[in-house]
Amino acid sequence: MKVLVVGGTGALGGHAALHLAAQGHDVTITGRGTGAFAGTPLTALGFMQGDYVAGDFTPERLRGFEWVVFAAGNDPRHVPEGEDFGAWLHKANHVALPAFFAAAREAGVKRAVQLGSFYPQAAPELVAGNVYIESRLAACEGARAQGRAGFDVVSVNAPFMVGTVPGLPSAIFDPYVQWAKGLIPIAHYAPTGGTNFMSFRSLSEAIEGALVRGEPGKAYLVGDENLSFREYFQLFFKAVGSGVVLEERDEELPLLPDIAIPQGRGNTIAYEPDAAETALLGYRRHDVGAAVAEIAAQFG
């Protein structure tokens, strides 16, 4: 199939793009520029420059693609300096994202997967009053609302993600590895609480499964392992061969600030993905440790 991966220059979209290309699909990725993925395997894929928030992807530009993977939903990292946080997320996720899917439908795209966040499904009590989570729910619902006969839209809602794309820098995982190696002077502790974690590899398999077998209009809550934050960060120390045993503290960790824990430090979001849906999408389980080992090898 001829596939467009929107946000394919980033980590999750890039991994999914490489996975789909390995299955024999003709894959093109999009991004605002080429610099972010220079020197990675992503350079072997087709590239279309553009920004969905700016409305760059018109039906004319999308025509000819059979499948679309949308992996560019905005979160707090994407809000430009000086922009109002809530107004930007509304513009990006409430308005521009559904407009992109409407353009894809007009262009004749047959199947589309919207990659979203697990919070609205796994912890719906967090939605009310949280501008970010409200925007991710609006993106999930708004994308699927554009589906029609002949244009199938499926959402895949993922938890905390763990993994790497060869050669692609990571402002998240590189510091974790350096900390575990003793190169960043932060005390050896993890904040209380925890969540569900999933590897890039498992998610890419789930995205492929959603494209091939997903039920039109369905939102799939995917995930893998429920871990405390202490158990999660301990995997990085193990991966670099450190004997340090982390303690658990009810204290903000600079490498995982409280703003990145929407349920609140000390709380846990834990769930078991539906077994039938996991089988339908065809993604592997128990892959988080292997993903951390790959991160340590890349950034160590």
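Among the numbered conditions (1) at pLDDT below 95; (2) within 14 Å of the chain's Cα centre (by Cα), the only one that G129 does not meet is (2).
Considering T28, T40, the condition of being touching a Phe, Trp or Tyr at 6+ places or on another chain (Cβ under 7 Å), over 21 Å from G147 (Cβ atoms) and among the hydroxyl-bearing types (S, T, Y) is satisfied by T28 alone.
Could we say that R77 is charged (D, E, K, R), crowded, with 20+ Cβ neighbours inside 10 Å and in a helix (DSSP H, G or I) here? No; evaluated as a whole, the condition is false for this residue.
The combined condition, being small (G, A, S), in contact with a Gly (Cβ under 7 Å, 6 or more places away or on another chain), crowded, with 23+ Cβ neighbours inside 10 Å and on the phi < 0 side of the Ramachandran plot, is not fulfilled by S204. For region 97-125, name all the residues that are under 19 Å from the mean Cα position of the chain (by Cα), within 17 Å of V153 (Cβ to Cβ) and of a type in the set (G, A, S). Of everything in region 97-125, those that are under 19 Å from the mean Cα position of the chain (by Cα), within 17 Å of V153 (Cβ to Cβ) and of a type in the set (G, A, S) turn out to be A112, G116, S117. Restricting the search to strands (runs of 3 or more DSSP E) fully inside region 208-300 and requiring at least 2 residues that are crowded, with 16+ Cβ neighbours inside 10 Å and touching a helix residue (DSSP H, G or I) at 6+ places or on another chain (Cβ under 8 Å) gives 219-221, 225-228. In region 175-186, the residues that are part of a loop (DSSP other than H, G, I, E, B) reach residues that are aliphatic (A, V, I, L, M) and crowded, with 17+ Cβ neighbours inside 10 Å with C-beta atoms within less than 6 angstrom, at least six apart or across chains, in these pairs: K181/V240. So in region 80-96, with the set limited to residues that are within 28 Å of D152 (Cα to Cα) and of a type in the set (A, V, I, L, M), which one is surrounded by the most Cβ atoms within 10 Å (Cβ to Cβ)? My answer is L89.
The values are calculated or read from the model by the stated rules, or taken from the named source; none is laboratory data. Every value quoted in this text rests on a predicted model; they were computed, and no experiment measured them. Because the Cβ atoms are built from the backbone with ideal geometry, glycine has one as well, and the counts that use them run over all protein chains shown.
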